[in-house]
Amino acid sequence: LEAMSLGLAIVTIKNPSSPIKHGVNGLVGEDADELIFHIKTLQKNKTLREKLGNEAQKTIQEKFSKDVFIQKWKDAINTKE
């Protein structure tokens, strides 16, 4: 999340809880070979790095901003069971 907040392109392993969507705000691989391929792709493609980095930063602003964090805590505290 920290790298995303800085606008860096992300390469990660597949994880259902991850905010990374392949080709949208980062690249997702299922094994070491695929991760290496994605890293090499980013090394060669500045436009893709910038696009993914910008989208990663937007994801952080939309899903993990201070305001979102505070609202989620308020919602959790005010939830009645």
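Database remark: amide H of residue 9 closer than 5 angstrom to the amide H of 53 (H placed geometrically; neighbours at sequence offset of 5 or more, or on other chains; Pro and chain starts carry no H). Of the trypsin sites (Lys or Arg not before Pro) in the range 2-48, the ones in a loop by DSSP (not H, G, I, E or B) with at most 15 other beta carbons within 10 Å are 14, 21. For the chain, the Kirkwood estimate of the hydrodynamic radius, built from every pair of different alpha carbons, is 13.7 Å. Along the axis of the charge dipole computed for the range 2-42 (Cβ charges of +1 for Lys and Arg, -1 for Asp and Glu, origin at the Cα centre), the listed residues 16, 4, 41 are led at the positive end by 4.
Provide the FRET efficiency to the nearest 0.05 for the residue 44-residue 78 pair, computing r from the beta carbons and using R0 = 35 Å. List each step's numbers first, then the result.
On the way: r = 49 Å, r/R0 = 1.41.
The value I calculate is 0.10.
Pairs of Lys residues in the chain, spaced 8 or more positions apart or belonging to different chains, with C-alpha separations under 24 angstrom: 29 in total.
Rounded to the nearest 20 debye, the dipole magnitude of the chain is 280 debye, with +1 charges on Lys and Arg beta carbons, -1 on Asp and Glu beta carbons, and the Cα centre as origin.
Sequence-ordered 3J(HN,Hα) estimates for the range 57-72 from the Karplus curve with 6.51, -1.76 and 1.60 and θ = phi - 60° stand at 4, 4, 4, 4, 4, 7, 9, 10, 5, 4, 4, 5, 4, 4, 5, 5 Hz, glycine and proline given as x.
Read the figures in this text as sums done on the coordinates, not as results from a lab. For clarity, every value in this text was computed on a predicted model and none was experimentally measured. Positions of Cβ are generated from backbone atoms using ideal geometry, with glycine treated the same way; all protein chains shown enter the neighbour counts.
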